[in-house]
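Inspection log for the structure reproduced underneath, given as structure tokens.
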């Protein structure tokens, strides 16, 4: 019979052939017995026939390594033609690959045995193989110590437990032939990989390192070597604790070793693993894999708990306006001018007063607070104003206007009470004018209103003392300057004409408070009295220096009553001062 060409052979492949070639392309080397276990739904006789036929067609390579006792099963590997067929690529030039050397063949077969065990027997211990990548696909490049490095495990396995949780592991298979230098290089690569958290670029947590070797001595020696390298990274790391919790990134790294590389079925079923604690073994494969995931599960639990708390807080802020206002106050949220300016100056002031208050809100205040909420970001936890002002609804405008009226009445009532207690000083007069003009007092003005009213009362007492002192001084000064007034003025008005001259020279009017400012007391040094400046420089109430001249021709005493200098009698001047001094009149 004429041998088929490879092109014809590939065209005539059955489903079983394709499955067989795919397995070989993925695992590189498989024995006849491994193929029969992995393709258990296909009769063993059929598989032997198909592998024989594929070998004759040049799609599969085959050899039977030497064994001390008995005969080894056939070992199969894909040829370049079948490898390219499975990958969907053209066949590479250079002819067929040579038969692998016995050492590589033995190592690859043992790794395939681990794959077969995980695929077939792992479910019996509660594990299910999800993915098995051999060295070429498992290789990971990362940077450490300022240079590019590569991690090349023999395999990267991805398992799932009965609950569906993913478990990851790097596999290093040592058949007793790896030199100490090679072992140290391997361990250094994994230590640097863990210290740099290079796994974060590909995996949710650091895969567990599983080191399978041939003796207990080699297994313990590798773990000790790895421990020393990890300790070196811990000592040199300035962010040992960092964002990864106690232990830093190295707390996320787990490794285990066992001495059953020649009997991998024992690694799956027995508690034969020892980890970096070097406690003498007694760990199962599941124990080792779960330990690598422990830090990730702990962080995830914390994040989920935090998320639940945030969701509860978010719901509470959405449904409880008082809580949301307290949250905004705690976060010191401040709105740009244009967000609240849409409600007018008084409306913006009322909304700021509402935001700064800690008292429970009334129904009206809740309606107005809804207008503030519409100016915030959608997420209540963000507690930030929206990027652009949100136009208010008609209901918002009405609620804010009503709030302004309520706050204005409250502030006016508070002023009336303070006027009864401390008198109507410049502070209360000025704030009343602001309310009468349609304005509203801000938070600072409201909080300091009583304190300022008290200061005005104290200033009024000081003003009264200076007034009485001044009246005595004015009498003396009028006698001294009696000839400065013309004869006709003295005959017509008497001493009041001279009083007007003295008042004009020594009295001032505060432009801010509309209060009379009297000269300061004379300075005393022992028994000697020194005359100070005859004109005041500061207001008794506000301390301002914006003082206007005393001009009776422009002073208004009471509503609609104007005092004219030439017609003012002495009693009239004293009455004007008395009323200023007792808070019964103002300019």
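The values are calculated or read from the model by the stated rules, or taken from the named source; none is laboratory data. On a predicted model such as this, the values are computed, not experimentally measured, just so you know. We place every Cβ from the backbone using ideal geometry, glycine too, and count neighbours over all the protein chains shown.
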- When residue 452 is run through (1) in a helix (DSSP H, G or I); (2) touching a residue at least 60 places away in the same chain (Cβ under 8 Å), the failure sits at (2)
- Query: Taking strands (runs of 3 or more DSSP E) that do not extend beyond region 100-203, which have at least 1 residues that are more than 24 Å from residue 225 (Cβ to Cβ)?
  - Reply: 128-134, 155-160, 166-173
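Yes/no matrix, rows are residues, columns are (1) more than 27 Å from residue 314 (Cα to Cα); (2) at pLDDT below 90; (3) in contact with a strand residue (DSSP E or B) (Cβ under 8 Å, 6 or more places away or on another chain):
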{"position": "352", "(1), (2), (3)": "no, no, no"}
{"position": "358", "(1), (2), (3)": "no, yes, no"}
{"position": "413", "(1), (2), (3)": "yes, no, no"}
{"position": "416", "(1), (2), (3)": "yes, no, no"}
{"position": "425", "(1), (2), (3)": "yes, yes, no"}
{"position": "435", "(1), (2), (3)": "yes, no, no"}
- Query: When you scan region 270-308, how many residues do you find that are out of contact with any strand residue (DSSP E or B) (no Cβ under 9 Å at 6 or more places or on another chain) and surrounded by fewer than 19 Cβ atoms within 10 Å (Cβ to Cβ)?
  - Reply: 17
- Message: For residue 231, only one of the following conditions fails: (1) surrounded by fewer than 16 Cβ atoms within 10 Å (Cβ to Cβ); (2) modelled with pLDDT of 95 or more. What is its number?
- Response: (2)
- Message: When the residues of region 424-449 are narrowed to those that are in contact (Cβ under 8 Å) with a residue 40 or more places away in the chain and not in a helix (DSSP H, G or I), which ends up nearest to residue 536 (Cα to Cα)?
- Response: 425
- Message: Quick check on residue 62: is it touching a strand residue (DSSP E or B) at 6+ places or on another chain (Cβ under 6 Å), outside any loop (DSSP other than H, G, I, E, B) and surrounded by 11 or more Cβ atoms within 10 Å (Cβ to Cβ)?
- Response: yes
- Message: Going through 310, 334, 299 one at a time, which residue ends up being in a helix (DSSP H, G or I) and either under 30 Å from residue 357 (Cβ atoms) or free of Cβ contacts under 8 Å to residues at least 24 places away in the same chain (or both)?
- Response: 310
- Of the residues 348, 399, which single one is free of Cβ contacts under 8 Å to residues at least 12 places away in the same chain, part of a helix (DSSP H, G or I), outside the structural domain of residue 513 (by TED's automatic domain parsing) and crowded, with 16+ Cβ neighbours inside 10 Å? 348
- The number of residues in region 420-431 that are farther than 13 Å from residue 514 by Cβ and within 46 Å of the chain's Cα centre (by Cα) is 1
- Considering region 139-196 alone, what residues qualify as being surrounded by fewer than 17 Cβ atoms within 10 Å (Cβ to Cβ), closer than 22 Å to residue 212 by Cβ and within 32 Å of the chain's Cα centre (by Cα)? 166
- Message: When the residues of region 27-59 are narrowed to those that are more than 15 Å from residue 115 (Cα to Cα) and crowded, with 17+ Cβ neighbours inside 10 Å, which ends up farthest from the chain's Cα centre (by Cα)?
- Response: 57
- Lone unmet requirement of (1) in contact with a helix residue (DSSP H, G or I) (Cβ under 7 Å, 6 or more places away or on another chain); (2) in a helix (DSSP H, G or I) for residue 209: (2)
- Taking the condition surrounded by 14 or more Cβ atoms within 10 Å (Cβ to Cβ), over 17 Å from residue 193 (Cα atoms) and out of contact with any helix residue (DSSP H, G or I) (no Cβ under 7 Å at 6 or more places or on another chain), does residue 128 pass? no
- Message: Which condition from (1) surrounded by 15 or more Cβ atoms within 10 Å (Cβ to Cβ); (2) closer than 21 Å to residue 443 by Cβ; (3) touching a helix residue (DSSP H, G or I) at 6+ places or on another chain (Cβ under 8 Å) is the one that residue 341 breaks?
- Response: (1)
- Residues that are in a helix (DSSP H, G or I) and more than 11 Å from residue 381 (Cα to Cα), drawn from region 313-331: 319, 321, 322, 323, 325, 326, 329, 330
- Note on the structure: Among (1) outside the structural domain of residue 201 (by TED's automatic domain parsing); (2) in contact with a strand residue (DSSP E or B) (Cβ under 7 Å, 6 or more places away or on another chain); (3) assigned to a helix (DSSP H, G or I), residue 267 falls short only on (1)
